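Q: This is the structure I have questions about; it appears just below.
Quick note: the coordinates plus some simple rules give every number you see, no bench work behind them. The model shown is predicted, which means the values in this text are computed figures rather than measured ones. With ideal geometry, Cβ positions are generated from the backbone for all residues, glycine too; neighbour counts draw on all protein chains shown.
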Amino acid sequence: MTIAEIEALMDKGFPSWRTFSSIVALGEQDLTLEMPFRPELLRAGGTISGPALMALADTAAYFVTLAHAGPVASAATANLDIHFLSRPKPAPIRAIATMLRLGHRLSVSRVDLLSEDTLVAHATVTYALPPS
């Protein structure tokens, strides 16, 4: 799928998705998503919350899965493993999702989360694909 096709699918099924993130780029094996900074994403200590980072990683993995598997809106997260590496600043967070393997039943991707070009978290995300 193209960026425009992914956006149209999301607009139809999850119209509020644009308040959370925007697709910045789509490459051969990767997709870049950006989450704008919003004060409600902060937790004590002035850093972006872990749940917000996990949601961004999951969304980026879903979008890269759509880009490679097609419009499988019913694909579901089967596993998300995240490592928080450093505290992100109160700034936009960029997620770069890379497709590692696309099979008939599972999609596996790597997601790097960056704050001001500093790697702040790394996730591996598996999506279960519906039977064809």
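Q: Can you show me the helix-derived [θ] at 222 nm for the chain, built from DSSP H runs with n ≥ 4 at -39,500 (n - 2.57) apiece and divided by the number of residues, rounded to the nearest 500.
A: -7500 deg cm²/dmol
Q: Mind checking the dipole of region 3-128: about its Cα centre, +1 per Lys or Arg Cβ, -1 per Asp or Glu Cβ, Debye to the nearest 20?
A: Charge dipole of region 3-128: 280 debye, to the nearest 20.
Q: So how do 111-118, 40-47 stack up, highest first, on mean other-Cβ count within 10 Å?
A: So the peptides 111-118, 40-47, ranked by packing, come out 111-118, 40-47.
Q: If you don't mind, another one. Tabulate in residue order the Karplus-calculated ³J(HN,Hα) for region 44-61, using 6.51 cos²θ - 1.76 cosθ + 1.60 with θ = phi - 60°, rounded to whole Hz; enter x for Gly and Pro.
A: 3, x, x, 10, 5, 5, x, x, 5, 5, 5, 5, 5, 4, 5, 5, 4, 5
Q: With the convex hull built on the Cα atoms of the chain, state its orientation-averaged projected area in nm².
A: Seen from a random direction, the Cα hull of the chain projects 7.4 nm² on average.
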